[in-house]
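The values are calculated or read from the model by the stated rules, or taken from the named source; none is laboratory data. Keep in mind it's a predicted model, so treat the numbers as computed, not measured. Reconstructed Cβ throughout: ideal geometry from the backbone, glycine too, with neighbour counts over all protein chains shown. Ligands, DNA and RNA are stripped out before the accessible areas are found, and what is left, the full protein with its side chains, is counted by its heavy atoms. Shrake-Rupley method; radii C 1.70, N 1.55, O 1.52, S 1.80 Å.
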Amino acid sequence: MLFKLSFNNMKKSIKDYTIYFLTLVLGVAIFYMFNSIDSQQAMLQVSQSQREIIKLMITMIGFVSVFVAVILGLLIVYANNFLINRRKKEFGIYMSLGMGRRQISKIIIMETIFVGIISLAVGIIFSIFASQFMSILVAKMFEADMSEFKFVFSKDACIKTCIYFTVMYIAVMLFNTFTVSRYKLINLLNATKKNEKVKIKNPFICILIFLSAISILGYAYWKVTADINSLNTANKILPPIFMGIVSTILIFWSLSGFIIQIIQKMKNTYLKGTNMFVLRQINNKINTMVASMSVICLMLFMTISILSSSLALRNTMQRELIEMTPVDLNLYKKANLPENYKKYGIETKTTKEQREDSKIPIIETLKNNGLDINVLKDMIEITIYASNDLTWKDFFGDKLEQLKAKFPNLAYDTTEQIVKISDYNKIAKLYGINEYNLNDNEYIMLCDFTNMKEVRNEVLADKNNTLTIAGKQYKTKYNECKDGFIAMSTNHTNTGIILVPDNCMLTDNMKEMTFLVANYNANTKEEKEKIEMIFSSSDSGFIQNLSNNGLDIDGLTKISIMEASIGVATIITFIAIYLGIIFLIASSAILALKQLTDSSDNKQRYTILRKIGCDEKMINKALFRQIGIFFGLPLVLAIIHSIYGIQFAIKTMAGIASEEDLLPSAINTVIIIGVIYGAYFLATYFGSKNIIKDEE
């Protein structure tokens, strides 16, 4: 009997379960898709280093999945609580007919199991097909070969999904049983007659708190943007975050206390159509959902910020990778080993062979150790100089104390790197970047790392700025840093290179290293990968063998840089999308469930609207505006938060992420939010529309 009753109840309440069912299906699908990457990678033709990165990503997604499971579990509990509250009168009738709390609990458990099994099955079936597109996305991000693509089912992801959701459902069933055990018959029978308690707030106090919250929020915005340089430790970052959270809560708390009084004074607006009804409904919702609206707003803020920042980071890294890896190989060898180590206070013992090798070009070292030099072409080798007499401290000069106060964490004892202009121009020509000219008494500061560039520009802005290099005074040719680099990297990381005229008296004692740039003498990808094995960082690589023999040669290859960078960007992007979508689903589902519950509770009010002459078009319009404002308020405040939050993230990641990549990232974020948030909004509107049409 209980089984039949539960099944019939579920069929009868199918409209009530729509949003709940949709949320569970999406949750299951996303959970499976992101945890099935380990099966998808098997068919991708990627390098060994990329496989290691994918394994790391899978491990990190596994940890994140625990957090996601907790969020989904809390969401399911929240949704169940709303559904149970809607059926209090029904449970009261069961109890008045002689049914005990245990039987009612069994009915709820059976219904929960029915919905859970169906949503789990539908979610997994949907995700099995959707995960095939995930394979294509993974392949695109890792630039992998998809020639062996085939339909993949991840048994491990399926088992993990079933286990996680079973545990969540057991917790939900225990919660439901505990909730029902506390009900009293009189409260259940009168549940539909009880309204939520709405405390009348003093509008003047609310306005005062609202203005105070706006002021606090404005100060927090200023700290994370204009005064970002002062936020150089975790302890200093936490206060603005705390201020943002508190002010968000205060804004929603105070908003319902004065906004309706202000609009009431605008008679033409307040008395027009169904505005009076809509405003009072919204006012009551905000009043009774201050905590929920605040949490939803903050979750939406996290969604927008995480997605926009991570996508901007990926776009920047992809764009800069091409720019910052113009050749196939960079090699460098320390010169005069003992002297170089002593500069950093390190004592080292070197062999005669090491000392002799440090004096010859890198090309000669490679030949002497058995390398066929014909595997390389476009070879250029230069010398990079440095001296303890010229450090960052010396460059900053009179502005040192001022900069120390502003940037206390900079390593001011770092020696400046010095390169002759003709040597740099050889590399610049091969790289395809700007070449420069110098007079005999001039120098140029090359720097493209954003934060360091700003610091150096403060010094270079002084027209009287001069440096003593190798006993001679040189003045800056430009009053700002110029873009340029020597060593390949994932992004703009050059913190400073001083270009000097060729006649600058740089001595052998000032040599820091010799630096070689070259391309592989190959035309196809396969030929390049074969040469890459010689210079890779693997234990069997040629360069690693030189290092094992005590020769201080190291370097970077274009392929290794691109693989590592693509891997890091992909990990960040995947986890950001994973968390962002879960936060978005949770926020949307909470708003939808609350609105559907209110629509059911307020059916009588809509009946009254019909009785006083409102037609269905007016009622539907009022419902649409009410839901639109209800969904829009936390989203608007979250967008405002995100404008400043994203700026903070971009400035914190200066040199890694670029503001110019924000627009396409923001557009992609808007599309993702528009699809999911918009789908919940429309589902809520049509669901509420059907509910208020039902006759009492």
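Summary table
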| read-out | value |
| --- | --- |
| Å³ per residue enclosed by the Cα convex hull of segment 552-641 | 140 |
| Rg/Rg_globular for segment 574-688, with Rg_globular taken as 2.2 N^0.38 Å and Rg from C-alpha atoms | 1.39 |
| Mean shadow area of segment 421-503 over all directions, Cα convex hull, nm² | 5.4 |
| Residue-count net charge about Ile531 - beta-carbon cut-off 15 Å; Lys, Arg +1, Asp, Glu -1 | -2 |
| Cα centroid separation, segment 611-636 to segment 483-525 (Å) | 65 |
| For segment 594-641, alpha-carbon Rg over 2.2 N^0.38 Å | 1.40 |
| Carbon and sulfur %, accessible surface of segment 424-509 computed with the full protein complex present, 1.4 Å | 42 |
| Environment charge of Asn434, counting only residues whose C-beta is closer than 14 Å and scoring Lys/Arg +1, Asp/Glu -1 | -1 |
| Carbon/sulfur fraction of accessible area - segment 218-291, other protein chains in place, 1.4 Å, % | 68 |
| Sum of side-chain charges, Gly645 neighbourhood, beta-carbon under 13 Å (Lys, Arg +1; Asp, Glu -1) | +2 |
| Cα gyration tensor category, rounded, prolate or oblate, for segment 226-309 with a/c compared to 1.5 | prolate |
